1. For the subset of segment 17-31 comprising residues that are aliphatic (A, V, I, L, M) and in a strand (DSSP E or B), which member is farthest from residue 370 (Cα to Cα)?
2. When you scan segment 224-263, how many residues do you find that are surrounded by 23 or more Cβ atoms within 10 Å (Cβ to Cβ) and in a loop (DSSP other than H, G, I, E, B)?
3. Which of the residues belonging to segment 71-91 are buried (at least 18 other Cβ atoms within 10 Å of the Cβ) and either of a type in the set (Ser, Thr, Tyr) or more than 14 Å from the chain's Cα centre (by Cα) (or both)?
4. Mind checking which residues of segment 174-219 are without any contact (Cβ under 8 Å) to a residue 40 or more places away in the chain, assigned to a loop (DSSP other than H, G, I, E, B) and farther than 29 Å from residue 141 by Cβ?
5. Among the residues of segment 264-285, are any part of a loop (DSSP other than H, G, I, E, B) and under 30 Å from residue 130 (Cβ atoms)?
6. Can you pull out the residues in segment 32-54 that are in a loop (DSSP other than H, G, I, E, B) and either among the hydroxyl-bearing types (Ser, Thr, Tyr) or modelled with pLDDT of 95 or more (or both)?
7. Please verify whether segment 316-337 includes one or more residues that are within 17 Å of the chain's Cα centre (by Cα) and either within 16 Å of residue 386 (Cβ to Cβ) or among the aromatic types (Phe, Trp, Tyr) (or both).
8. Report the residue count in segment 389-403 for those that are crowded, with 23+ Cβ neighbours inside 10 Å, of a type outside the set (A, V, I, L, M, F, W, C) and closer than 24 Å to residue 26 by Cβ.
Amino acid sequence: MIVLVLLAQLQAAPSTVRLSLPRPPGVHIVDVSPPEARGNEPGIAVNRRNPAQIVGVYQGPAHAVYSTDSGRTFTTAEGTVPPDWKTAGDVSVAFDDKGNAYLSDLVFDKLGSESYWRHGAGRNGIYVRRSPDGGKTWQKDAAPVRVWYKGDEPGMQFEDMPRVFADANPRSPHAGNVYIGWIEWRIDESVMLFSRSTDQGKTWSAPMRISTQAGLPRDDNGDVVGFHGTVAADGTIYAVWNWGLNIVMTTSRDGGKTFTPSRVVQQVGPPYFGGTGAVPGLGRVFGFPQVGVHGRNVYLTWSDFRNGDIDVFLAASRDAGQSWSAPVRVTTDSIHSGRDQFFQFLAVDPVNGDVYVQFYDRRDDPADRLTALTLARSTDGGRTFANYAWSEAPFEGRNAFLGDYTWLTAYDGRVYGIWAETRPFEEASAPGRQGPPRAGTVVRIGTADFGRK
């Protein structure tokens, strides 16, 4: 009887924790993954030509959902799962200037050695599909970006973490270009690669290396990891990633034909937070960076544990990335609180320049176990932030794999976020999987409306 009472108390714990932050205006949350899916590592994009069109993606495997009513409801699209590969994941999505949506994914049959993905890896690659109708239908034959079709080709490597983005700026000289960056794991090093399409994703340029510094060959501290790119109104590409204990940046002003040498712009803590040893109750947690731009203001976010617990940080450049401000804590709880904030993601509204950051947040649980979602907003160029309760209630980690990132986008006073949470009180594990069971997960999309300036 005592055991049953204790179990009931533990299960009821999330509902007894009251979130201390106010909700954002016009907040609306909707579940978009089906009960049988363990969705995670999501992405989201809004069509600037028709902002009522929203596309969300997530792995489990490569699913896409679309909305035609500004995120009030979503429908699952067909034709996004590659039929001839065992696994498809690391999905991302973007809209171009004409309203076409692009979905990229990583495909493979098997990984290599644990954390040493190139060693013993099989066939793998990266594809991009295009949707002409806001994510409802997707082209049947995806375009290859870099694919090893047999797995025994001379010079075969293992591609990882592709992220697609596009130049949707109508006044850009490169409007309509679609870009993708990713990690290539090699036997002796890791490098960051880039490709571009100038024909709406039909064909892609030969991959070019954009990381001046190579990383170590393991998926661990010391590699190059966590690519993220964005495009300014004038067509300038800004791309960032982790390299060891640094965040590096490179830029292109000719539509992705050439890039500046990648250079260190921030010294940070390790991007890997030690799995359950650092964030109790979760499978693993990373602090990969994101970059955003408005005019000459460039913003960089990441998370690390320089303050003991994990915090979310933002640095701003007022001169197009040449110099940077001191890091600002995006989180508004007390410093050294012992409560973690992690898995941040950045979005900058291209219309009014407001800066948004979403992140998982444990500020309301003194035990640092129950996790909620927080949305932060800055209207003064990233100097100060207001924090809002993005999610409705906290959830328990229960050893869940939430993925390696969340995603966020914003347009004209509205903000759209996508993330994974554990399913309430569901414990499950894949057949044959070793280790403790993992909780099921659900993918959620949140929308908020801060109005036009």
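1. Kept after step one, since they are aliphatic (A, V, I, L, M), are these residues of segment 17-31: 17, 19, 21, 27, 29-30.
Now drop any that are not in a strand (DSSP E or B), which leaves 29-30.
On the way: 29: 19, 30: 20 Å.
If we take residues in segment 17-31 being aliphatic (A, V, I, L, M) and in a strand (DSSP E or B), then 30 is farthest from residue 370 (Cα to Cα).
2. Qualifying residue count for the region: 2.
3. 71, 74, 77, 80, 85, 88 - these are the residues of segment 71-91 that are buried (at least 18 other Cβ atoms within 10 Å of the Cβ) and either of a type in the set (Ser, Thr, Tyr) or more than 14 Å from the chain's Cα centre (by Cα) (or both).
4. 188, 189, 214, 216
5. Keep residues of segment 264-285 that are part of a loop (DSSP other than H, G, I, E, B), which gives 268-271, 273-274, 278-281, 283-285.
Adding the requirement that they be under 30 Å from residue 130 (Cβ atoms) leaves none.
For segment 264-285, residues part of a loop (DSSP other than H, G, I, E, B) and under 30 Å from residue 130 (Cβ atoms): absent.
6. As a first pass, look at segment 32-54 and keep what is in a loop (DSSP other than H, G, I, E, B): 32-39, 47-53.
32, 33, 47, 48, 49, 50, 51, 52, 53 - these are the residues of segment 32-54 that are in a loop (DSSP other than H, G, I, E, B) and either among the hydroxyl-bearing types (Ser, Thr, Tyr) or modelled with pLDDT of 95 or more (or both).
7. Scanning segment 316-337, I find no residue that is within 17 Å of the chain's Cα centre (by Cα) and either within 16 Å of residue 386 (Cβ to Cβ) or among the aromatic types (Phe, Trp, Tyr) (or both), so the answer is no.
8. Here the count works out to 2.
The values are calculated or read from the model by the stated rules, or taken from the named source; none is laboratory data. These numbers come from a predicted model, not from an experiment. Here Cβ is always computed from backbone atoms with ideal geometry, including for glycine, and neighbour counts include all displayed protein chains.
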